[in-house]
Amino acid sequence: MRFTYLLAIGNAVATRGVSPENEKYYVPDADGMFSCISDPSVKIPFSQVNDDYCDCPDGSDEPGTSACTNGRFYCENKGHVPSFISARYVNDGKCDYEMCCDGSDEAPGLCPNKCAEVHERVENEKKAARDTLNKGLAAREQLVHKAAEVRSQLSKEIEEKTKELEAAKLRLKEAEQRAADLSNAPDEVDEELEAKFELSRGAVKEAYKAVDDLKRRLAERSEAYDKLFKILETMKNDYNPNFNDAAVKQAIQNWQEMASNQVKNIEDTSIKGVDEVVGYIDALYPKGGANAQTGLWQDLKNSLRTWLVNQRVLPPSAAPKQHSKSHKDAEDAVNTLKKEVQKIETDIEKKQQDLKSENGPQDVFRALKDVCVKNRYGEYDYEVCFYGKITQTGNGQNTKLGVFNGKIEVGLDSIRLGFTNGAKCWEGPVRSVDVTVRCGVEDRVIKVAEPEKCIYSLDMLSPAACIPPSNPEKEAGPVKDEL
Ligand code: MAN
């Protein structure tokens, strides 16, 4: 009877800190020995279990003392959730209620069981977390809905802009055609020249007639001159010098002088000059008229210019070509339209990039494009604009800590956003912020730290980060002995 009682006490000592699953190992074998759990080849007398001296490499011989640094103590925590705590907390004289609410890790009587109290608090916290998650998930649904709206609005804008682009391209094509037409039209110098031609056309015709008349009269004179020439030549050859007629002699002498000088010149130069002028006038009024826009007309104009320059009527260098005002206006319109087309194209490209971008699970962060959150933490106010910048305000300063760089990393229970390129820190780096967003019912900054100078970490809450638990059983699952 006494032996059975002592065995029971001995077993109670041996199984202190042992989980129900492992109790089977804490029974002496036929030789009264204990085998270390992870390495059963190592055996010790059963009496050395929980003797406050570490014998087994895995610490399994000291489940209820602090002797093995790798030992683990099982707290039953009746009324709450069983747990293992590290051997170093065992018998340290402190009640570690968060881990071992039944106080079994300390000597009996030192730490009264508080599992009921702890359980209630933990359950309340869990309930609050569940409420937050449910409300957060509901708010997230709305964000996802809004993100879808923003997306479809973006697609609509791209569609409209594409139509606008087509219309602008058409207008550009028309404007280019108009400018091309006007560039082929006569320039202002041509118009002026033609106007002058029109004015002088009548006068030129008159002159043409006068020249013809002159030519005819000149021909008559020339004929008369030939006859007179012959008469005088005959007289010169046939007169009798013995008659000594002084008047005849003088007449013949004068005739000889005259015949040898001027008369020939008149014929050579004047007639040739008149023919040249007539040739130009003929050329200037071709069949199609002066307005005929042909290469021939250009050639003729050039010939006329050359002739006028040769006659010293025009200065040697031609006036630079000037475009008409309407042509210039048309070219300006082309340039304006080209810019407009380019602007619309850039706009469309930007929107298409935006549409392609990823914005977290179910595109949820797209709904926060224009959202900014402002909260005080420590000595500063922090404003976070999800797709903009983070600003730190206080102590008379307004500092840009970073600009959203598009990085969205989805973790198990949080989402990280990257903000870089903030204001340069005095004698330090360019400021940047690593933002961690966790599930919350509303957007809020809850903590800011500066682990390194001007490198910040900012914790936020937002429904955007509420993720439905993927494996709810794991959370509430029983604690398993891993030894
Ligand atoms: C300001 C703030 C601080 C930062 C110092 C660095 O005071 O932006 O967060 O550490 O500048 O000089």
Report the extension gain between residue 210 and residue 230 in nm, rounded to one decimal, defined as 0.36 nm multiplied by the number of residues separating them, less their alpha carbon distance. 4.2 nm
Set of the range 148-185 residues, backbone N closer than 16 Å to the point 7 Å along the Cα-Cβ line of residue 339: 172
Nitroxide proxy distance, nm - points 7 Å out along Cα→Cβ at residue 117 and residue 51: 3.9 nm
Taking θ as phi - 60°, what are the ³J(HN,Hα) couplings along the range 334-346 by the Karplus curve (6.51, -1.76, 1.60), each to the nearest whole Hz, with x for Gly and Pro? 4, 4, 4, 5, 4, 4, 4, 4, 4, 5, 5, 4, 4
Go ahead and collect, in residue order, the members of the range 428-442 whose backbone nitrogen is under 20 Å from a label point 7 Å along the Cα-Cβ direction of residue 449. 429, 431-440
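Counting Lys +1, Arg +1, Asp -1, Glu -1, what net charge surrounds residue 105 among other residues with beta carbon under 15 Å of its beta carbon? All intermediate terms of the calculation are to be shown ahead of the outcome.
Numbers: positive: 16, 72, 78, 88, 94, 114; negative: 52, 62, 76, 92, 96, 98, 102, 106.
Around residue 105, the charge tally is -2.
What FRET efficiency, computed as 1/(1 + (r/R0)^6) with R0 = 35 Å and r the Cβ-Cβ distance, is obtained for residue 430 and residue 124, rounded to the nearest 0.05? Could the numbers behind the result be given before it?
Working: r = 45 Å, r/R0 = 1.27.
FRET efficiency, residue 430 to residue 124: 0.20.
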At a Förster radius of 45 Å, what calculated FRET efficiency corresponds to the Cβ-Cβ distance of residue 44 and residue 110, to the nearest 0.05? 0.95
Candidate lysines for bridging to residue 249, where Cα separation is under 19 Å - those fewer than 8 sequence places away on the same chain excluded: 230, 236
Distance-filtered residues of the range 397-418 - backbone nitrogen under 19 Å, label point 7 angstrom along residue 376 Cα→Cβ: 397-399
Put a dot 7 Å past each Cα toward the Cβ at residue 171 and residue 306; how far apart are the dots in nm? 4.8 nm
If packing is taken as the mean number of other Cβ atoms within 10 Å per residue, what is the order of 460-466, 372-378, highest first? 460-466, 372-378
Multiply the residue gap between residue 260 and residue 152 by 0.36 nm, knock off their C-alpha separation, and tell me the result in nm, one decimal place. 28.4 nm
Each label sits 7 Å from Cα toward the beta-carbon; between residue 217 and residue 240 the label points are separated, in nm, by 4.3 nm
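Show me 127-134, 220-227, 387-394 ranked by packing, highest mean number of other Cβ atoms within 10 Å first. It would help to have the intermediate numbers written out before the result.
Numbers: 127-134: 12.9, 220-227: 11.1, 387-394: 18.9.
Packing proxy ranking, top to bottom: 387-394, 127-134, 220-227.
Compute the FRET efficiency between residue 457 and residue 58 as 1/(1 + (r/R0)^6), taking r as their Cβ-Cβ distance and R0 = 41 Å, and round to the nearest 0.05. Could you put the intermediate results ahead of the total?
Details: r = 38 Å, r/R0 = 0.93.
Between residue 457 and residue 58 the formula returns 0.60.
If the chain between residue 352 and residue 250 were fully stretched, how many nm would it gain, using 0.36 nm times the residue separation less the Cα-Cα distance? Can you show the working numbers first?
Details: separation 102, 0.36 × 102 = 36.72 nm, distance 11.02 nm.
Residue separation times 0.36 nm, minus the Cα-Cα distance, leaves 25.7 nm.
Given 356/407; 146/400; 369/389; 369/424, which pairs have Cα atoms separated by over 19 Å?
On the way: 356/407 14 Å; 146/400 29 Å; 369/389 12 Å; 369/424 26 Å.
Long pairs (Cα-Cα over 19 Å): 146/400; 369/424.
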Peptides 141-147, 73-79 ordered by average Cβ neighbours within 10 Å, highest first: 73-79, 141-147
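Counting Lys +1, Arg +1, Asp -1, Glu -1, what net charge surrounds residue 431 among other residues with beta carbon under 10 Å of its beta carbon?
Values: positive: 400, 424, 453; negative: 450.
Residues near residue 431 contribute +2 overall.
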What lysines does residue 127 reach when the alpha-carbon gap must be under 21 Å and sequence neighbours fewer than 8 apart in one chain are set aside? 78, 114, 135, 474
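What value in Å³ per residue do you get for the convex hull of the alpha-carbon atoms in the range 316-445? Write out the running numbers ahead of the final one.
On the way: hull volume 31.6 nm³, N = 130.
Roughly 243 Å³ of hull volume per residue.
Just so you know, all these numbers are worked out from the coordinates, no wet-lab data involved. The model shown is predicted, which means the values in this text are computed figures rather than measured ones. Glycine also receives a Cβ, built like all others from the backbone with ideal geometry; neighbour counts cover every protein chain displayed.
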